[in-house]
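Notes follow once the structure below has been shown.
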Amino acid sequence: MKKSKLVVLAAVLLSITWTASAQDNGSNTQSMAVSFGLKGGANLSTINGGIESPESRVSFHAGVLAEFPIAEIFSIQAEALYSGQGAEFEYEGSDGDKAELQLDYINVPVLAKFYLFKGFSLEAGPQFSFLLNDEIDSNPNSNTGDAPTPFRKDLKTFEFGVAGGLTFQTDLGLFATARYIQGVSDIADNMNVQNAVFQIGMGYKF
């Protein structure tokens, strides 16, 4: 159900951006000037390993970006984003009760962007993540139930990952983006556990 909602949201965002693009009359290449922007959207996150059969946590990301053109079809984009990550899992011995592992990061992806045609780019590169907050929420749908993460002392404050995705941008600066991030380093000492996040969002560059 969560994945289907994100697919619908992605389709809506792409439709909005495509409609705006239809009104543009720009060239097939991007400007060589440095551009800055704002972006935000939805996260569908989980963790690989460590917890048996985790389910996805739905959260959000938001932040700023800067794009540095190197050539007409190639640029480097750096971002600084707040990102809510983690996973849901079932209590051991419970009758279907769920809790949410909430891991909140500042993510700094540094991406190589390749423009395939007007407004459409593929991007990939490393991501550096810094842990802001962690907790277990036994009642994710309310403001109660928050508790310290049981393995807090083992959590790493830094994580390394890789990111890849695509962006469709109009000449007006509005863009829609989809991205997948896979953690490479473990999120905690002595645990083979990595973050995995799918993001969709919108933004504006100026």
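The values are calculated or read from the model by the stated rules, or taken from the named source; none is laboratory data. No experiment lies behind these values; they were computed from the predicted model shown. A quick note on method: Cβ atoms are made from the backbone with ideal geometry, for glycine too, and the neighbour counts reach across all protein chains shown. Keep in mind that these areas ignore ligands, DNA and RNA; they rest on the heavy atoms of the full protein, side chains included. Shrake-Rupley method; radii C 1.70, N 1.55, O 1.52, S 1.80 Å.
Our coupling estimate for segment 158-171, obtained by passing each phi through the Karplus curve with A = 6.51, B = -1.76, C = 1.60 and θ = phi - 60°, is 10, 9, 10, x, 10, 10, x, x, 9, 9, 10, 10, 8, 5 Hz, Gly and Pro reported as x.
Note that segment 191-196 has calculated 3J(HN,Hα) couplings of 9, 8, 9, 10, 6, 9 Hz, one per residue in order, obtained from phi through the Karplus relation 6.51 cos²θ - 1.76 cosθ + 1.60 (θ = phi - 60°); glycine and proline are x.
Rolling a 1.4 Å probe over the protein heavy atoms gives segment 116-206 an accessible area of 48 Å² per residue.
Computed from the C-beta positions of SER53 and THR157, the FRET efficiency with R₀ = 22 Å rounds to 0.20. Fully extending the segment from ALA62 to ASN192 would add 44.0 nm, taking 0.36 nm per residue of separation and subtracting the current Cα-Cα distance.
Taking only the C-alpha atoms of segment 96-139, Rg followed by Dmax gives 17.1, 49 Å. Histogrammed with a bin width of 10 Å, the alpha carbon distances of segment 151-206 distribute as 22, 34, 24, 16, 4 percent, first bin at zero.
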